[in-house]
Amino acid sequence: MERLQKIIANSGYTSRRKAEKLIESGKVKVNGKIITELGYQVTKEEDIEVEGNHLNKEEKEYYLLYKPEKTITSVKDEKNRKTVIDFLPTKTRIYPIGRLDYDTTGLLLLTNDGNLANLLMHPSHNIEKTYLAKINGILTGAEFQKIKNGIEIDGRKVVPKRIKQRMKNKTKNTSKIEITITEGRNHIIKKIFASFDKKVLELKRESYAFLNLEGLKKGEYRPLTIKEVKKLYSLK
């Protein structure tokens, strides 16, 4: 048995706070009965209806998208900018797991499986994410070592799992750095390099846990296999 608002949120329909408002306003039914009590206990097998939509009749869907730049990591955008949802053919209410900035490219997972999303986003599970950052300037050996040893960002220390230089162009004074972290804070990669007065010119997420972008071009996607979904669940 779980609280009704939690099951609604985990279904991917909406946030828990919005689910609570929907319950209080009489827009949620369980087995055909309107429920307005917050904390009402239900099982996933019961017929849960939110604003006329039956939640537990929706199949779970899982996608891996190669997010292009100038795309919002959101279900919709008030400014009518292109969102990551626009690249997928499904009519199911799916949403991104975590986020990538507007001009950041790379691997993004999307699903309507709230349990998996919560598992992957929980900081205690230390999911590895590898990025390739093109920066202005070239890091010195001392700066590399400082990042390896851990650097304080917004009052909290960040220690990368791995970091290495992939390319440096002395003529253009740019370099490409591969960095693997388990952090999920906003703009964390940009803030790491900003600590050394280096601006991130391009940023790409190349991998997420064991998943990568192999075989995909920007804007392309593929469904995850059952084996991959099970392996993601095993990461906890």
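Observations on the model:
- Whole-Hz couplings from phi, Karplus 6.51/-1.76/1.60, listed for the stretch 208-221; x for Gly and Pro: 9, 6, 9, 8, 9, 9, 3, x, 10, 10, 3, x, 8, 9
- Reciprocal of mean inverse Cα separation for the stretch 114-172 (Kirkwood radius, Å): 14.1
- Here the dipole of the stretch 77-131 is about 160 debye; that uses its Cα centre as origin and unit charges on the Cβ of Lys and Arg (positive) and Asp and Glu (negative).
- Over the chain, relative contact order from alpha-carbon pairs under 8 Å, at least 6 apart, %: 20
- Computed with a 1.4 Å probe over protein heavy atoms only, the accessible surface of the chain comes to 56 Å² per residue.
- Overall, the accessible surface of the chain at a probe of 1.4 angstrom is composed of carbon and sulfur to the extent of 46 percent.
- Theoretical FRET efficiency, 1/(1+(r/R0)^6), r = Cβ-Cβ of K70 and K148, R0 35 Å, to 0.05: 0.60
- Share of pairwise Cα-Cα distances greater than 32 Å in the chain is 31 percent (whole percent).
- Hz values of 3J(HN,Hα) by residue in the stretch 65-77 - Karplus curve (6.51, -1.76, 1.60), Gly and Pro given as x: 10, 8, 5, x, 6, 6, 9, 8, 7, 7, 6, 8, 10
- For the stretch 64-132, the Kirkwood radius over C-alpha pairs fed into Stokes-Einstein at 4 °C and 1.567 mPa s yields D = 101 µm² per second.
- Along each principal axis, Cα extent of the stretch 112-236, largest first, Å: 47, 35, 19
- With one equal scatterer per alpha carbon and no solvent term, the Debye-computed log10 I(q)/I(0) for the stretch 1-89 at 0.20 1/Å reads -0.91.
- Karplus-derived HN-Hα couplings along the stretch 162-167 (A = 6.51, B = -1.76, C = 1.60, θ = phi - 60°), whole Hz, x at Gly and Pro: 8, 8, 8, 8, 9, 6
The values are calculated or read from the model by the stated rules, or taken from the named source; none is laboratory data. Remember, it's a predicted structure, so these values are computed and weren't measured experimentally. Please note: Cβ atoms are built from the backbone with ideal geometry, for glycine as well, and neighbour counts cover all protein chains shown. The area values use the complete protein model at the heavy-atom level, side chains included, leaving out ligands, DNA and RNA. Shrake-Rupley method; radii C 1.70, N 1.55, O 1.52, S 1.80 Å.
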